[in-house]
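The block underneath contains the structure these notes are about, expressed in structure tokens.
The values are calculated or read from the model by the stated rules, or taken from the named source; none is laboratory data. Because the structure is a prediction, the values reported are computed rather than measured. Glycine also receives a Cβ, built like all others from the backbone with ideal geometry; neighbour counts cover every protein chain displayed.
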Amino acid sequence: MATILIIEDDDVIAEFMGAVLAKEKHTIHLAHSALEGLSTFRMWSIDLILLDLGLPDQDGIEVLKKIRETSSVPIIIISARDHENNKVEALDLGADDYITKPFGTPELLARIRTALRHAVSNAGSQTEIKKIINGELCIDIEHHTVSKQGKEIHLTPNEYKIIQVLGENIGKVLTHTYISQKVWGPYSNESQTLRVNMSNIRKKIEDNPVEPEFIMTEIGIGYRMLEK
Ligand code: CA
């Protein structure tokens with residue numbers, strides 16, 4: 001159960017989300033504009049924000065920037081299909097995930113669960129994680145190895161790093177830029193190399209690389225490791 005702030009000017013969508021989340025026993029605050037959203041955020045202790053990018057008074061991106069100045073509260077972007085670039089910008093500015101309209105209840109709830117879980121695990125990250133187990137896949141962070149069904153998969157160092165970054169963020173979309181900077185350093189933009197590496201990774205870890213089960217492509221945005 002969490003306290004969730006919905007910043008969305010479309011009443012139909014806001015009320016749909018509010019009803020779905022109230023049914024899950026979350027506490028809901030609704031705001032219909034950027035300014036109302038920011039003042040509501042300051043007034044209550046909020047665990048997660050659902051943020052529309054197209055708000056009447058200000059761009060949702062501005063709300064995101066203001067909140068990120070002081071808070072790492074999980075923020076999920078609610079975006080329209082024609083705002084692809086905004087989505088990437090929002091993710092690179094520190095949004096945790098996005099969901100594209102129109103979306104269904106299971107998708108919304110899954111995104112919220114993932115974002116809340118990452119918030120909790122970041123808060124308690126003093127204990128170092130040594131292994132990430134995701135279904136048949138095991139990422140051994142101590143030894144920098146990956147195995148599937150107990151059999152070690154031979155990866156190049158960069159392929160390993162890519163899997164580790166995705167594994168540490170299971171369920172969450174990561175942009176090309178984010179992954180690139182984690183693997184190749186802070187100023188790099190190796191989208192093309194990343195694509196080549198991903199194709200090789202899929203040949204190694206997926207039963208059928210054309211229909212991946214572990215790592216999904218988010219077209220124009222990045223990749224997401226699915227939770228098994
Ligand atoms: Ca809107």
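For this structure, a couple of remarks:
Conditions (1) farther than 23 Å from D96 by Cβ; (2) surrounded by 15 or more Cβ atoms within 10 Å (Cβ to Cβ), marked per residue:
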residue	(1), (2)
L166	no, yes
I170	no, yes
V173	no, yes
Y178	no, yes
V183	no, yes
S188	no, no
N197	yes, yes
E206	yes, yes
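- Residue check, A31 surrounded by 15 or more Cβ atoms within 10 Å (Cβ to Cβ) and either within 13 Å of the ligand (Cβ to nearest atom) or in the same structural domain as L174 (by TED's automatic domain parsing) (or both): yes
- Among residues of region 44-53 being at pLDDT 95 or above and in a loop (DSSP other than H, G, I, E, B), the one that is nearest to the ligand (Cβ to nearest atom) is I46.
- All told, F41 falls short of being in a helix (DSSP H, G or I), under 18 Å from P106 (Cβ atoms) and without any contact (Cβ under 8 Å) to a residue 60 or more places away in the chain.
- Among all positions in region 2-18, there is at least one residue which is under 22 Å from K66 (Cα atoms), in contact with a His (Cβ under 6 Å, 6 or more places away or on another chain) and within 14 Å of the ligand (Cβ to nearest atom).
Table: residues versus (1) at pLDDT 95 or above; (2) acidic (D, E); (3) in contact with a Gly (Cβ under 7 Å, 6 or more places away or on another chain).
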| residue | (1), (2), (3) |
| --- | --- |
| Q126 | no, no, no |
| S147 | yes, no, no |
| L155 | yes, no, no |
| N158 | yes, no, no |
| I163 | yes, no, no |
| K172 | no, no, no |
| N200 | yes, no, no |
| T217 | yes, no, no |
| E227 | no, yes, yes |
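- Region 80-96, residues that are surrounded by 22 or more Cβ atoms within 10 Å (Cβ to Cβ) and in contact with a Lys or Arg (Cβ under 8 Å, 6 or more places away or on another chain): D96
- Single residue of region 54-103 satisfying the filter (in a loop (DSSP other than H, G, I, E, B) and under 21 Å from E168 (Cβ atoms)) that is farthest from the ligand (Cβ to nearest atom): S72
- Test result for L108, within 13 Å of the chain's Cα centre (by Cα) and surrounded by fewer than 20 Cβ atoms within 10 Å (Cβ to Cβ): yes
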